[in-house]
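Asker: Shown below is the structure under consideration.
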Amino acid sequence: MSTTPPELGVHHSSLRDGRDGLHTAATELRSRIEALATSIEALGPLGGADDISALIGEAYEAIHTAAFESLQTAMDALAQDGNTLDAMRVTFRVQERSTEQSIDSLRT
């Protein structure tokens, strides 16, 4: 029996839902980014045969690489935040049970 008023308690289902939502968002974002990368690659190399076009093409490639690495980092962070929410849920659950057992032992 929980001694914590509902408004002060940890909503474990919300933490679990948050974890699932972040994992789903990361997976969907990853899928969309991969589709975007495939579409961009299908366009072929940017730039022409002259030096200026080649430099523009190289700059584009560097920006493209940096942008996609940044997006990968963001997707990984979303998934990790989901794992953190789940770890919080488990920790809170253990602490609640420990507190309840301590209170119950004082009552007897």
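The values are calculated or read from the model by the stated rules, or taken from the named source; none is laboratory data. Quick caveat, the model's predicted, so the values are computed rather than measured. As a convention, Cβ positions derive from the backbone with ideal geometry for all residues, glycine included, and neighbour counts pool all protein chains shown. Accessible surface areas use protein heavy atoms only, side chains included; no ligands, DNA or RNA. Shrake-Rupley method; radii C 1.70, N 1.55, O 1.52, S 1.80 Å.
Asker: Please list, ordered by first then second residue, the pairs with beta carbon atoms under 8 Å, 6 or more apart or interchain, first in segment 16-42 and touching a residue at least 40 places away in the same chain (Cβ under 8 Å), second open to solvent by 50 Å² or more (accessible area, probe 1.4 Å) and of a type in the set (Asp, Glu).
Answerer: 22/81; 26/76
Asker: On to the next question. Quick check on this structure: which one of 4, 73, 38, 65 is β-branched (Val, Ile, Thr), open to solvent by 60 Å² or more (accessible area, probe 1.4 Å) and either at pLDDT below 90 or outside any helix (DSSP H, G or I) (or both)?
Answerer: 4
Asker: State yes or no: is residue 59 of a type in the set (A, V, I, L, M), surrounded by 12 or more Cβ atoms within 10 Å (Cβ to Cβ) and either assigned to a helix (DSSP H, G or I) or out of contact with any Phe, Trp or Tyr (no Cβ under 8 Å at 6 or more places or on another chain) (or both)?
Answerer: So residue 59 passes the test.
Asker: Now for a separate question. Check off (1) open to solvent by less than 90 Å² (accessible area, probe 1.4 Å); (2) modelled with pLDDT under 85 for residue 98 and give me the number that stays unchecked.
Answerer: Only one criterion is unmet by residue 98, namely (2).
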